[in-house]
Each structure stands twice: as C-alpha cells, then as structure tokens.
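The values are calculated or read from the model by the stated rules, or taken from the named source; none is laboratory data. The shown structure was predicted, so the numbers you read here are calculated from the model rather than taken from an experiment. Cβ: placed from backbone, ideal geometry, glycine included. Neighbour counts: every protein chain shown.
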Amino acid sequence: MSSVTSRPRKLYVKSYGCQMNVYDSQRMADVLAREGYVETSMPDDADVLVLNTCHIREKAAEKVYSELGRLRVLKQAAALEGRSLTVAVAGCVAQAEGEEIIRRAPVVDLVVGPQNYHRLPDLVARAARDGRVVDTEFPAEDKFDHLAAPSAAVTRSRGVTAFVTVQEGCDKFCTFCVVPYTRGAEFSRPVAKIVAEVERLADAGVREIRLIGQNVNAWHGEGPDGRAWTLAQLLYRLAAVPGVARLRYTTSHPRDMDEALIAAHGELPALMPQLHLPVQSGSDRVLAAMNRKHDRAEFLAVVARLRAARPDIAMSSDFIVGFPGETEQEFRDTLALVDEVGFASAYSFKYSSRPGTPAADSENQVSEAEKTERLARLQARIDFHAAAFNAATVGRTTEVLFESTGRHDGQMTGRSPWMQSVQVMAPASVKGEVLTVRITGTGTNSLYGALLAPARHDGAAPNDTASRNEALRPHEAARAASGGL
Ligand code: SAH
Ligand code: SF4
Ligand code: F3S
C-alpha cells in the first residue's frame, strides 16, 4: 500500500447513527491516513468510499441500501474516467448483515464490522484488488491498540470538543435492541490509554471531552493500580489533564448510576450539569417487557438523587412509543413521566421491529397509525418542556465554550453548560475559550447571548463555585410552567 501515485488517494466517509460512529469514522480516516489516504468531502472525488452504518431502526438500515443504489452510478462514472472506486460498508449494518449486503448490493467491495477497523489498510487493499471482502469477526486483539492517532493539525481541524470511546458493547439485552448483537459484549478501555488519548487531544487544543460508550456508566477499566476504576474516578483523573475545561459522558443506563458518579456531579466543576439518561417508557409493565432492569420509581429516584447533588442538572432521555402491547394508558404513563421530570430535551422513536430481537416476535404489535399519533403527542410534551427549560435560562449569566463560527457574520456559536447551543456576537478568536455570557433570548434551535467578560486564558474550569451558587433550576421552572401536571 505504499506505491507512489500522481495524486493522493482520497477517502470519503459518511456516518449514520450514534456518536460512536462519528468517533469510529475518524479512527478509520486516521488509520487510512497512515497509508497515504487524504479525506475528501466530495464523494465523486473518492477512491475509497465508506458508509459507516446504523442498524438501530429499520429506516436507518434501509437508508444504506438506497445510498448504495446511488453509488452504483458513481462507481460507473469513476470507471469511465479510468479510476476505480472501492465501496465499503462499515458499522452496525455491516456487523448484522455481513455477506448479505454484497448479495443485495453487488456495488459493495468490502463489508467490515466495528471491531475490525484496525485491519482496514489490509482489507481495503484486498477489496480494491479482488472485491467481495467480508470481515465481521470479533477478533481477539484490542483494535484500540492498533488504531492510529491523528496529527495535531487534523485534531485541531476537528474542533474544540472531541469524543473519546471509553466503553463499547452492551450486556443489557433490552428486548427491542440490536446493539448487544452488533457491538458485542461490554468492553472497558484501560485508564492509561484513555488518559493518553485525552492528553493528546488537549495538547492540540481540545477543551471539552465527551466520553462515549453504549453503556458508558458501566465502564470499569483497569486503573494504574491494576484494579478496576469507576467512571467517577476516571472523570476526576481526566479533569486534572491540563487544558481540559469540560467533561460529559454518554449514553448512560439508569441501573449503572452509582453513588460516586452522582456525587461527582455535585463536586467536580469540570463535569457539566447535563445528563442523557434513556428511560424508554413510563410504564412499569412496558419497562419489564423491555427488560430494562429498572422500573419507573427507580428511574425517578436516580433523577432525584442527581438533582440533590446538582440542582441545575439538565436531564435528557430517549423514548420508544408503540412497543408491542403498549396500551393507551401505558402510553399516558410515559407522558406523565415526561411532565414529572421536565426533561430539557429528549429523543423519541416509534418502535421498530428488529430481526433477531425478542420483541420482534411479539404478536401484539401496535399499528403504525397509532405509533404515529402517540409519537406526535409525546413530541409535543417534550417540546413544551424543552422550550420552558430554554426560556428559564433567558436573563441568566453563564459560561459558554465557543466552538465555531455562527449563523451570521460576526457571530460565534458555543454551548452552555446545559448543552444548549448559544449564538453570540464575538470575534473568531474566542474559539476554544470559555467565556461569561448573558443569555438574552431564545430562537428555534439555539439561544442568543451577549459576551460579558473579556477572553480568559487561564484554562480554568467553567463552573466555579460562584456560578454554581447561583445555580438555576430550569426543571423547576419547566414544571411550574406545565401547571404541575
Ligand atoms: N445504549 C443506550 C441507547 C442505545 S440506542 C441505552 O441504553 O439506552 C439509542 C436509542 O434508540 C435507544 O435509547 C432507544 O430509545 C432507541 N431504540 C433502540 N432500539 C430501538 C427500536 N428497535 N425501535 C425504536 N427505537 C429504538
Ligand atoms: Fe440497547 Fe438496552 Fe443495551 Fe441500550 S442498554 S444499548 S437500549 S440493549
Ligand atoms: Fe446505530 Fe450501532 Fe450506534 S446500531 S446507534 S450505529 S451502536
């Protein structure tokens, strides 16, 4: 793979699905950069084109096949120009469907599962030569040991926030979900490797680290003392890395919110007051049928403990409507839970039957029309609370980490501690800074704010004691606004 060509070979990667796919796409680009591949944003310019796919719902998986249909034309066009285009399918559809993908879409040269990205240089070379390469094994070696790190320049070009996978896979087996099959058993990366990756990112100017995992709070990686650490211990260690101003982690399971982690939300300034904690349903019968391993009361108790530790914490969640057998009353239990918690934001989905999962075989499927109707009602409640949460921040003073240029000239976009996007008139030089901003209004998808203090260069954690003491309690405002439903 080291032959000299007249133009650098180009790589185009398209990510679907969750944040781990975004992270994995970067790792794929990094490992192929070592072989001389340069990333392009134009698919018709590519020599290797990777679709990093998602299998979570039927729609997500089907999207891949319509995209592959379009790629047939692209491949023919490249051939007419005397170039060859290697098409690879990676991610969770690759893992779930393997060879079947090539049978259904012969345009595909390579199918590679998430555990084999470190083998990409070899796989791509073989696929370019022979076509029809499939690698969906769960290998014995740790792929993270063989994946390449990007240069500081590439890291800088990716922005001031970065994902770091610390945990992968899932042992929970919710009855609707494909993840335990596509990502395999739970695996935790050791502390030393995570710290090294975070130090490298921080050295290149990254200010916010978002730890990711399918069940990130089940992380229990080996510490330098040879013992398994908790996620709380890891967060404290990472907060000590010079340059790291903010930490977040996602996605968590309610069962794995231990006391130390909850306490860290009250005690660790770099840990942002925001948590995505999927609940899926507000009905105990549905939660049991989903094999969620927690009931409604246990979820509410976790939220109450988090709010006791950190009163202003912004809660977000995931919901599924129309799980097999869900009755109108059970759905109303979900609506009531949304009102009870007052989520700052949430994602909601119609139940999608996934082959190979236990719930797919249930006979009492909810009709599509009913799912559509329930989804609209749920989203209206979620939007109501999100708007109330955002409105409650107007007039407040808070810290914003500036990430990129804004929508209009002279504007910069940043994020509040609660993960809201904030548009502020500010010079481009504020990128990477955590600055004090007064929130002046709300827009459709973001807040507006005005800079209060000049740029700080001390790298201090954003939510110091002073700002913590005037902690807002947007969820209470949201609850009040909802009339205490
Ligand atoms: N690991 C996380 C989320 C995994 S998938 C967790 O434990 O919750 C992200 C979200 O997709 C889930 O929270 C769920 O709301 C949704 N989802 C998963 N499988 C689904 C299915 N078969 N149909 C509809 N939504 C689904
Ligand atoms: Fe899927 Fe449940 Fe595992 Fe989340 S905890 S990844 S929803 S099986
Ligand atoms: Fe999708 Fe796989 Fe992520 S199924 S949500 S890409 S873990």
Practice prompt. Name the one entry in A105, A96, A61 that is in contact (Cβ under 8 Å) with a residue 60 or more places away in the chain and either of a type in the set (A, V, I, L, M) or in the same structural domain as L201 (by TED's automatic domain parsing) (or both).
Written response: A96
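Here's the yes/no breakdown for (1) of a type outside the set (V, I, T); (2) part of a helix (DSSP H, G or I); (3) touching a residue at least 24 places away in the same chain (Cβ under 8 Å); (4) farther than 30 Å from G159 by Cβ:
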{"residue": "S348", "(1), (2), (3), (4)": "yes, no, yes, no"}
{"residue": "S352", "(1), (2), (3), (4)": "yes, no, yes, yes"}
{"residue": "N364", "(1), (2), (3), (4)": "yes, no, yes, yes"}
{"residue": "E370", "(1), (2), (3), (4)": "yes, yes, yes, yes"}
{"residue": "R377", "(1), (2), (3), (4)": "yes, yes, yes, yes"}
{"residue": "N390", "(1), (2), (3), (4)": "yes, yes, yes, no"}
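Criterion first (farther than 23 Å from L271 by Cα and surrounded by fewer than 18 Cβ atoms within 10 Å (Cβ to Cβ)) does G406 satisfy it? Spell out the reasoning first.
Details: farther than 23 Å from L271 by Cα: yes; surrounded by fewer than 18 Cβ atoms within 10 Å (Cβ to Cβ): no.
Considered against the rule, which asks whether it is farther than 23 Å from L271 by Cα and surrounded by fewer than 18 Cβ atoms within 10 Å (Cβ to Cβ), G406 comes out as no.
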Fill in: Residues of the stretch 10-42 classified as assigned to a loop (DSSP other than H, G, I, E, B) and under 17 Å from the mean Cα position of the chain (by Cα), total
3
Practice prompt. Please go through the stretch 147-175 and pick out each residue that is polar (S, T, N, Q) and more than 13 Å from ligand 3 (Cβ to nearest atom).
Written response: S151, T155, S157, T161, T175
Item to complete: Taking R285 as the residue in question, decide whether it is closer than 30 Å to K371 by Cβ, in contact (Cβ under 8 Å) with a residue 40 or more places away in the chain, among the charged types (D, E, K, R) and more than 16 Å from ligand 1 (Cβ to nearest atom).
Response: yes
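Of the residues that sit in the stretch 196-226 and are farther than 11 Å from P242 by Cα and β-branched (V, I, T), which one is nearest to ligand 3 (Cβ to nearest atom)?
The first filter runs over the stretch 196-226 and keeps only residues farther than 11 Å from P242 by Cα, leaving 196-197, 204, 208-226.
Subset that is β-branched (V, I, T): 209, 212, 216.
Values: I209: 19, I212: 10, V216: 12 Å.
Restricting to residues being farther than 11 Å from P242 by Cα and β-branched (V, I, T), the top hit is I212.
Just name the residue that is farthest from L11 (Cα to Cα) out of those in the stretch 51-90 that are touching a Gly at 6+ places or on another chain (Cβ under 9 Å) and assigned to a strand (DSSP E or B).
The first filter runs over the stretch 51-90 and keeps only residues touching a Gly at 6+ places or on another chain (Cβ under 9 Å), leaving 51-56, 60, 64, 86, 90.
Keeping just the survivors that are assigned to a strand (DSSP E or B) gives 51-53, 86, 90.
Working: L51: 11, N52: 13, T53: 16, T86: 10, A90: 14 Å.
By that ranking, first place goes to T53.
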Discussion item. Return the residues of the stretch 264-282 that are within 13 Å of ligand 1 (Cβ to nearest atom), buried (at least 22 other Cβ atoms within 10 Å of the Cβ) and outside any loop (DSSP other than H, G, I, E, B); say none if nothing qualifies.
Written reply: L275, Q280
Item to complete: Inspect the stretch 190-200 for any residue being over 22 Å from V434 (Cβ atoms), within 13 Å of ligand 1 (Cβ to nearest atom) and in contact with a Leu (Cβ under 8 Å, 6 or more places away or on another chain) and give the result as yes or no.
Response: no
Discussion item. Whether any residue in the stretch 359-372 is away from ligand 2 (no atom under 16 Å from the Cβ) and under 21 Å from the mean Cα position of the chain (by Cα) is what I want to check.
Written reply: no
Worksheet entry | Among the candidates V160, V124, V166, V87, residue that is in the same structural domain as W219 (by TED's automatic domain parsing), crowded, with 20+ Cβ neighbours inside 10 Å and away from ligand 2 (no atom under 16 Å from the Cβ) | V160
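Only one of these is more than 20 Å from H385 (Cβ to Cβ) and in contact with a Pro (Cβ under 7 Å, 6 or more places away or on another chain): E298, E267, E259. Name it. Write out each step before concluding.
On the way: E267 fails: in contact with a Pro (Cβ under 7 Å, 6 or more places away or on another chain); E259 fails: in contact with a Pro (Cβ under 7 Å, 6 or more places away or on another chain).
When all the criteria are applied, what remains is E298.
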Discussion item. Go through the stretch 169-183 and report how many residues are farther than 18 Å from T250 by Cα and more than 8 Å from ligand 2 (Cβ to nearest atom).
Written reply: 3
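Residues to consider are A29, A61; find the one that is within 16 Å of ligand 3 (Cβ to nearest atom) and surrounded by 20 or more Cβ atoms within 10 Å (Cβ to Cβ).
Working: A29 fails: within 16 Å of ligand 3 (Cβ to nearest atom).
Result: A61 is the single residue among A29, A61 that is within 16 Å of ligand 3 (Cβ to nearest atom) and surrounded by 20 or more Cβ atoms within 10 Å (Cβ to Cβ).
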Worksheet item: Which residue pairs have Cβ atoms closer than 9 Å, lie 6 or more positions apart in sequence or on different chains, and pair a first residue in the stretch 194-214 that is free of Cβ contacts under 8 Å to residues at least 40 places away in the same chain with a second residue that is part of a helix (DSSP H, G or I) and of a type outside the set (A, V, I, L, M)?
Response: none
Worksheet item: Do any residues in the stretch 165-193 that are in a helix (DSSP H, G or I) have Cβ atoms under 8 Å from those of residues that are basic (K, R) and more than 8 Å from ligand 2 (Cβ to nearest atom), where the two are at least six apart or on different chains, and which pairs are they?
Response: V191/R237
Practice prompt. Out of the residues in the stretch 148-164 that are under 17 Å from L211 (Cβ atoms) and in contact (Cβ under 8 Å) with a residue 60 or more places away in the chain, state the one that is farthest from ligand 1 (Cβ to nearest atom).
Written response: V160
